[in-house]
Amino acid sequence: MKASDLVFLPEKVLNALKKIDLDKLCEIRLRSFSPVVLNYEFRRVFLGADKLTINEKEAIICNEADISSLIFKAAEYSVYAVNESLKAGFVTTSVGVRVGICGECVADGDKILTIKNYSSVCIRVPHFVTGAADELLKKLGNIYNTLIVSAPGYGKTTLLKDMARTLSKSMNVLVIDERGELYDEHIRGADIIRFCGKLYAFRYGIRSLAPQVVLTDELSGLKDWECVEQAVSCGVKTVATLHGASLEDVKRKPEFKKGLFERYCVLKSTGRAGVIDKIFDGDFSELR
């Protein structure tokens, strides 16, 4: 991560961030008239003008104008052009930085039309960690239909990106990057479909690009699981991620389909991305 990837931030925030090691930065939170909060080395700290601090009184304060300007710049000066993702609560910059957005929802009945009067943002800072997938690939020993499970911030996306880099050296790899977070200059050998719903991407990607393995982030809802089912039925291996603290969380989800994945990898938080806690087979037996 380079400071130039964060140019959409308010100048006072960006200048302060230039004084710290961005490789250790995981998350930035800006709230109207509140201190700027960082997840730095998996610790919650405040951002001061000249240093990180645990003293709230030393922190930089942002206002609604700062946040509105930030979103406008992250959307490359056209909020209208990114309204589909905005309705889903986020904007992704051209370099893969996702900005989660909180504000006032404008609705027509049950349909969300847009979000306005922005009040806070959560910026997930992407990193590429070469070798992050080595442990998982070694323990798997082969390419299986694999679901990577963890709570947010444990390195699922980082692991998936490095897996794409490694597998694309010897296989035809399709990366379905629905939110624009998986694209990285290190992944040169894979085919990447960006900013596209999974249903369309799976259908045309498998038909047109003939992948041996598909990698995709954040399964959410029955339709996403059905996309994976379609790929598996075509003989295409699929590696996906899912939010959850444990395998039990996965099994409790209403859209869960047993028999779809052959391996379940649960991550743990250690201050390093992609650290494996446990791996289970398709029958939920732990693999040693």
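Of note:
- Note on region 150-288: percent of Cα-Cα distances in each 10 Å bin, starting at 0 and stopping at the bin with the largest distance, equals 12, 43, 38, 7, 0.
- Between region 244-288 and region 199-220, the Cα center-to-center distance that results, in Å: 21
- Normalised by the number of residues in the chain, the average gap of Cα pairs under 8 Å and 6 or more apart makes the relative contact order 14 percent.
- Shape of region 225-281, Cα gyration tensor, a/c cut at 1.5: prolate
- Unit charges on C-beta of K, R, D, E only; dipole of region 185-273, Debye: 100
- Against the criterion of solvent-accessible heavy-atom surface with a 1.4 angstrom probe, 33, 261 sort, most first, into 33, 261.
- Surface composition of the chain: carbon and sulfur atoms hold 48% of the protein heavy-atom accessible area at a 1.4 Å probe.
- Residue 23 accessible area, 1.4 Å probe, all protein chains in place, Å² to nearest 10: 110
- For the chain, the 222 nm mean residue ellipticity estimated from helices alone, with every DSSP H stretch of n ≥ 4 adding -39500 (n - 2.57) and the total spread over all residues, rounds to -7000 deg cm²/dmol.
- When the P(r) of region 25-74 is calculated, the portion above 17 Å amounts to 34% of the C-alpha pairs.
- Of the three principal axes defined by the Cα atoms of the chain, the extents in descending order read 54, 43, 37 Å.
- Computed accessible area, residue 263, all protein chains, 1.4 angstrom probe, square angstrom: 40
- Since only 119, 231, 96 are under comparison, the one whose Cα sits farthest along the positive direction of the charge dipole of the chain, derived from C-beta charges on Lys, Arg, Asp and Glu, is 231.
- Rg over Rh [alpha-carbon atoms, Kirkwood Rh] for region 148-196: 0.97
- Per residue, the chain exposes 49 Å² of solvent-accessible protein surface, assessed with a 1.4 angstrom probe and all protein chains in place.
- Cα-based equivalent ellipsoid, region 14-155: semi-axes from gyration tensor eigenvalues, Å: 29, 24, 13
- Share, in percent, of DSSP beta bridges within the chain that are antiparallel, nearest 5: 65
- 28 Å Cα-Cα threshold exceeded, pairs from 19/139; 87/237; 73/111; 18/169; 24/57: 19/139; 87/237; 18/169
The values are calculated or read from the model by the stated rules, or taken from the named source; none is laboratory data. It should be emphasised that the depicted structure is a prediction, and the values quoted were computed from it without experimental measurement. Here Cβ is always computed from backbone atoms with ideal geometry, including for glycine, and neighbour counts include all displayed protein chains. Side chains included, ligands, DNA and RNA excluded: accessible areas come from the protein's heavy atoms. Shrake-Rupley method; radii C 1.70, N 1.55, O 1.52, S 1.80 Å.
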